[in-house]
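The values are calculated or read from the model by the stated rules, or taken from the named source; none is laboratory data. Note that this is a predicted model, so its numbers are computed, not measured. Every residue, glycine among them, receives a Cβ derived from its backbone with ideal geometry; neighbour counts consider all protein chains shown. Surface accessibility is based on the protein's heavy atoms, side chains included, excluding ligands, DNA and RNA. Shrake-Rupley method; radii C 1.70, N 1.55, O 1.52, S 1.80 Å.
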Amino acid sequence: MAKVPSAVVAASGLVGGYGVARWTRQRPLGGVVLAVAGVAAARQWRQQAGGVAAGALSAAYVAAFAGSHPLAKKVGAWPAVFGVAGAVGLASWAVADRRG
């Protein structure tokens, strides 16, 4: 079975977490999606790029989640979520996935 790149896992966690929270109206359920994807991505980051990189990317993941809230007030919810998901995905690819 092909391995899903960590960039896809991380970006999907941000988008999926928001989508689940919005469509189910259950914010904790969206948080579960966000957390599960974050843990899965962090494991891959550690395996592929080491502990320091995994820590930095995990911090970026959490910062993206937190930063999407004030950004949403300026550009709208979905554009904010897609923007931060893209940024985290790009960072993840550059630090961990690009190496193969």
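Condition test on Gly19, is it surrounded by 20 or more Cβ atoms within 10 Å (Cβ to Cβ), assigned to a helix (DSSP H, G or I), on the phi < 0 side of the Ramachandran plot and modelled with pLDDT of 95 or more?
Judged against the criteria, Gly19 is not a match.
Which ones in the stretch 79-100 are touching a residue at least 12 places away in the same chain (Cβ under 8 Å), assigned to a helix (DSSP H, G or I) and open to solvent by 30 Å² or more (accessible area, probe 1.4 Å)?
Answer for the stretch 79-100, where residues must be touching a residue at least 12 places away in the same chain (Cβ under 8 Å), assigned to a helix (DSSP H, G or I) and open to solvent by 30 Å² or more (accessible area, probe 1.4 Å): Phe82, Gly83, Gly86, Ala87, Leu90, Ala91, Trp93, Val95.
Which condition breaks for Phe65 when tested against (1) touching a Leu at 6+ places or on another chain (Cβ under 7 Å); (2) in contact (Cβ under 8 Å) with a residue 60 or more places away in the chain; (3) not aliphatic (A, V, I, L, M)?
Going through (1) touching a Leu at 6+ places or on another chain (Cβ under 7 Å); (2) in contact (Cβ under 8 Å) with a residue 60 or more places away in the chain; (3) not aliphatic (A, V, I, L, M) one by one, Phe65 breaks only (2).
Considering each of Ala42, Ala11, Ala7, Ala35 in turn, give the residue that is within 14 Å of the chain's Cα centre (by Cα), open to solvent by 50 Å² or more (accessible area, probe 1.4 Å) and on the phi < 0 side of the Ramachandran plot.
Selected residue: Ala35, the only one of Ala42, Ala11, Ala7, Ala35 that is within 14 Å of the chain's Cα centre (by Cα), open to solvent by 50 Å² or more (accessible area, probe 1.4 Å) and on the phi < 0 side of the Ramachandran plot.
Residue by residue through the stretch 47-77, note down the ones that are under 19 Å from Ala35 (Cα atoms) and either among the β-branched types (Val, Ile, Thr) or surrounded by fewer than 17 Cβ atoms within 10 Å (Cβ to Cβ) (or both).
Gln47, Gly51, Ala53, Gly55, Ala56, Ala59, Val62, Ala63, Ala66, Gly67, His69
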